[in-house]
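Quick note: the coordinates plus some simple rules give every number you see, no bench work behind them. Predicted model only: the values in this text are computed from it and were never measured. Every residue, glycine as well, gets a Cβ built from its backbone with ideal geometry; the counts of neighbours run over all protein chains shown.
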Amino acid sequence: MPRGRRWIVAHTRPGTCFIILAAILLCKAPRVHAEDMRDLITNLWPGGILLEPPTSGFSHQPHFTASSLQGLDSLNSALASSIVTFSPSAAVGAFTFDVERGIPLPSSEPLGPLLAERARTIGKGRLNVAATYTRVRYTEFEGTSLDDLSLEFLHEDSNNDGKLGGGIFNFELETIQANLDTTIEQDVVGLFGTYGITEKWDVGVVVPLVRVYMDVKAHAEVIHYTGPPPVPPLTTHQFGPNSSPQDVHSEDEATGIGDVLLRTKYNFLRNDPKLPDMAIAGWVRLPTGDEADLLGTGETSVAAIFVASKSFGRVAPHLNLGYEASTGDSSENLVRYVVGFEASVHPRVTTAVDVLGLWRPEGNGIGDHIVDLALGIKWNPVRSFILGGNVSLPLNRDEGLRADAIWTIGAEYTF
């Protein structure tokens, strides 16, 4: 969508750092307003925009209320549904273990991907714990800057002739334009635990701690009809002391637990001389996050992912392809895919490149196919402790609600 498009109605230990981050998220100040954050834009003008009543004649005061309510609600719903819910990154075993001594030995392979699964499991009786921090500041919606969103509200058909304007009813051609300067931020601390039940079967849990912040400043003005006669007087539609305010401002913030995930992975093929290692991974997403405050989806969903990976010396490509089905609206069902590789640049340093996609086959046309490029690095400073970081960059930034970059840092340890 081109810019300006209008919506026309129709030295601290790393583990300690993550604990501090989680505490900050959970102990933030209470929300600014009593309303649900999900309805922040709709409630900019509660009840819709009312104009100044004219001094004489019949009132045009309510003739934009339905249009303004519908327009605000449409934008509100589109933005709210586009805020990305937390997705699980992988806890991937980067080590083999000396069975007799129980100590980790570096693998000859890369240290594993950051935002994808690979077929290897962590090993029987092994426990992997991890924490990540992700920072998102959204900047564009459908290709338009969030500080330059524009809504146009149409007049109702006053004489019920099936059209707007015409003769003395040209006042129906006047509109209200609302310009919005919007800030949307998201911080997520992800806490992971993965346990190897057998050499080929892992189970795990992911608990996201989420903070969402929204701030909206809006200015509305009447766009007067300036076409051929008869031209309505400029006082027909105007703001005034008895109208809705032209300038409004609202902000809100919510912090809490997001949707918890229960995860599993089974590695059914490994060490074949020709075929890649293969696994089936999946999760159940529980609706533990408050949907009204944009902390969760409000629905249970189930995902199944096919995983293939293969190491060729220092380089290890991988592929993930799967489907996540929601128990709610089918428009929220997702096809997920990741294709990429890791490359070992040093026995203790691995870089990773991934293309990640989310596709909604039955979506509503807004952000139905999100594609990102992720660049990352993992570092093994000691034993089985790993530090990592990545940045995700939008490849189709005109789709849905997008950030210029999404940054993630993380740490993990395998016992």
Requested in this report: Just add up the charged neighbours of Phe239: K/R +1, D/E -1, any other residue whose Cβ is under 14 Å from the Cβ of Phe239.
Outcome: -4
Query raised in the report: Just in region 291-386: which GluC sites (Glu not before Pro) are loop by DSSP and have at most 13 other Cβ atoms within 10 Å?
Result: Glu362
Query raised in the report: Rounded if a/c is under 1.5, else prolate if a/b beats b/c, else oblate: with a ≥ b ≥ c from the C-alpha gyration tensor eigenvalues square-rooted, which is region 278-415?
Result: prolate
Query raised in the report: What are the trypsin sites (Lys or Arg not before Pro) within region 223-299 that DSSP puts in a loop, where the Cβ has at most 16 other Cβ atoms within 10 Å?
Result: Arg270, Lys274
Query raised in the report: Using 7 Å Cα-to-Cβ label points, what is the Ser150/Ser243 separation (nm, one decimal)?
Result: 1.9
Report task. Quote to one decimal, in nm, the extra length available between Val339 and Asp215 on full extension: 0.36 nm per residue of separation minus the C-alpha distance between them. Result -> 41.1 nm
Query raised in the report: Given a Förster distance of 45 angstrom, what is the FRET efficiency for Thr327 paired with Phe385, based on the Cβ-Cβ distance and rounded to 0.05?
Result: 0.70
Query raised in the report: Hey, which of these cross-link pairs are over 21 Å Cα-Cα: Lys163/Lys217; Lys274/Lys310; Lys265/Lys310; Lys274/Lys378; Lys200/Lys378?
Result: Lys163/Lys217; Lys274/Lys378; Lys200/Lys378
